[in-house]
């Protein structure tokens with residue numbers, strides 16, 4: 001099958017450049033399974049943490065490292081992982097990430113103590129940083145015809161968006177019916193399916209030149225992202241005025257500024273500035289960043305509310321999120337092909353974020369004893385529809401019109417925006433929730449009723465802030481992003497099957 005690119009560039013046929021091809025939908029299935037595994041891991045472990053803590057006997061203070069260890073490794077190494085897939089081939093990087101993630105998961109599932117569990121989570125983060133950008137960049141260079149690209153990215157966006165909610169359900173089911181260890185072992189099933197598909201279906205990348213890796217840029221941006229993610233994690237537990245928090249946040253921000261200076265001066269930059277300065281791609285990264293802040297907060301605090309205030313079990317909590325998943329899948333799979341070509345990406349993204357903001361505003365109306373059907377369900381459906389519209393469009397825009405040699409790092413920017421946004425959202429909104437809780441109790445006698453109301457007040461405060469973040473994100477994206485339909489990326493040179 002001839003791609004759009006090949007029609008425009010006759011020389012492509014001679015180089016073996018390939019975009020859309022006969023096995024492309026099976027390739028999408030393989031990439032979807034791998035993406036689901038990585039996205040699930042962000043929430044599936046949270047549900048199982050109390051059981052793991054009881055089994056291995058670690059403290060509440062240590063517990064956060066099971067989450068933070070993964071976030072630090074994943075967030076700080078994503079840009080490097082994306083560039084490695086550009087340099088050494090997406091198939092090779094994808095398979096290496098899959099195998100490493102599976103081995104790390106097996107070690108974590110068999111962990112006999114806290115140290116091994118944290119080490120395995122760090123290793124999952126390292127290999128996830130290889131796997132996630134490789135998966136999205138493979139999708140980018142595989143689907144190069146506009147109509148099919150819209151459908152493929154819609155499906156991939158639905159998986160990326162809904163995976164967090166599905167992780168809550170899967171984590172609850174595995175913890176309740178089996179053991180906390182199975183939230184780690186289950187990754188072996190995903191990895192095995194994806195690995196077989198990858199070996200059979202993914203074409204081998206060929207290149208006549210291999211630019212040198214930008215070592216100074218790699219070191220500086222890895223340290224910068226580590227500092228920023230750790231700083232926000234530390235703020236969540238120790239406050240914003242803590243010396244360590246400030247040192248990491250200020251240091252990380254300064255290193256990030258230095259990174260952009262370096263990238264303008266080196267011959268082969270880790271992140272070519274042309275990738276982020278394109279307004280469609282830049283607006284898309286901004287969208288992913290803003291939605292991640294609000295979405296992580298909603299998962300976290302609505303989960304607390306349903307379990308602690310309404311008394312839901314972990315499984316029932318996961319089931320309660322399914323209407324949001326359904327809304328997200330519906331809008332993600334229809335928006336790119338139906339809406340974007342007609343009204344443009346800017347209008348689609350801004351509308352989606354405004355709908356999500358409205359969903360958050362409705363969620364602020366919850367009380368100590370609120371009915372799910374009247375207060376929670378409508379907001380979840382609105383957020384699913386809105387976030388699906390925004391995220392699926394942003395995924396297409398983030399990798400649009402990119403040269404195949406930049407597809408990996410352009411894809412890594414999507415994951416980096418999401419990871420850093422999630423870290424900021426969790427830390428910032430947790431701090432706001434704690435302050436709101438203290439203010440609500442005030443000088444009152446801390447009776448069960450007072451504490452319950454204070455908890456609800458803390459949740460609604462975060463929902464108001466998340467609604468505001470979606471609104472600000474919509475405005476900024478509307479300013480940055482042009483309303484022209486994103487152009488597909490090009491295919492890449494591969495060995496013939």
Self-check item: Any chance residue 74 is touching a residue at least 24 places away in the same chain (Cβ under 8 Å) and assigned to a loop (DSSP other than H, G, I, E, B)
Solution: no
Quiz item: Name the pairs whose Cβ atoms lie under 8 Å apart, with the first residue in segment 348-376 and crowded, with 18+ Cβ neighbours inside 10 Å, the second outside any helix (DSSP H, G or I) and modelled with pLDDT under 95, and 6 or more positions between them or separate chains?
Solution: 349/481; 376/366; 376/370
Quiz prompt | Residue pairs meeting the criteria (Cβ under 7 Å; at least 6 apart or on separate chains; first on the phi > 0 side of the Ramachandran plot, in segment 300-326; second outside any helix (DSSP H, G or I)) | solution = none
Exercise. Report yes if some residue within segment 412-426 is under 19 Å from residue 336 (Cα atoms), in contact with a helix residue (DSSP H, G or I) (Cβ under 9 Å, 6 or more places away or on another chain) and either without any contact (Cβ under 8 Å) to a residue 12 or more places away in the chain or buried (at least 24 other Cβ atoms within 10 Å of the Cβ) (or both); otherwise report no.
Key: yes
Practice problem: Could you list, in sequence order, all residues of segment 252-282 that are surrounded by fewer than 19 Cβ atoms within 10 Å (Cβ to Cβ) and under 26 Å from residue 435 (Cα atoms)? | Solution: 253
Quiz item: In the set 66, 39, which member is in contact (Cβ under 8 Å) with a residue 24 or more places away in the chain and either under 20 Å from residue 157 (Cα atoms) or touching a strand residue (DSSP E or B) at 6+ places or on another chain (Cβ under 8 Å) (or both)?
Solution: 39
Quiz item: Taking segment 218-229, which residues are crowded, with 23+ Cβ neighbours inside 10 Å and more than 17 Å from the chain's Cα centre (by Cα)?
Solution: 221
Self-check item: Members of segment 85-94 that are at pLDDT 90 or above and within 20 Å of the chain's Cα centre (by Cα)
Solution: 93, 94
Practice problem: Those residues that are over 10 Å from residue 297 (Cβ atoms) and in a helix (DSSP H, G or I), I need them from segment 428-447; list them, please. | Solution: 431, 434, 435, 436, 437, 438, 439, 440, 441
Practice problem: Taking the options 166, 174, name whichever one is closer than 22 Å to residue 39 by Cβ, assigned by TED's automatic domain parsing to the domain that holds residue 317, under 21 Å from the mean Cα position of the chain (by Cα) and in a helix (DSSP H, G or I). | Solution: 166
Self-check item: Filter pass, residue 467 being crowded, with 17+ Cβ neighbours inside 10 Å and either in contact (Cβ under 8 Å) with a residue 40 or more places away in the chain or at negative phi (or both)
Solution: yes
Practice problem: Check segment 324-341 and report whether any residue there is under 19 Å from the mean Cα position of the chain (by Cα) and outside any helix (DSSP H, G or I). | Solution: no
Quiz item: Of all residues in segment 97-111, which are touching a residue at least 24 places away in the same chain (Cβ under 8 Å) and over 17 Å from residue 193 (Cβ atoms)?
Solution: 108, 109, 110, 111
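The values are calculated or read from the model by the stated rules, or taken from the named source; none is laboratory data. Predicted model only: the values in this text are computed from it and were never measured. All Cβ positions, glycine included, derive from the backbone under ideal geometry; neighbour counts span all protein chains shown.
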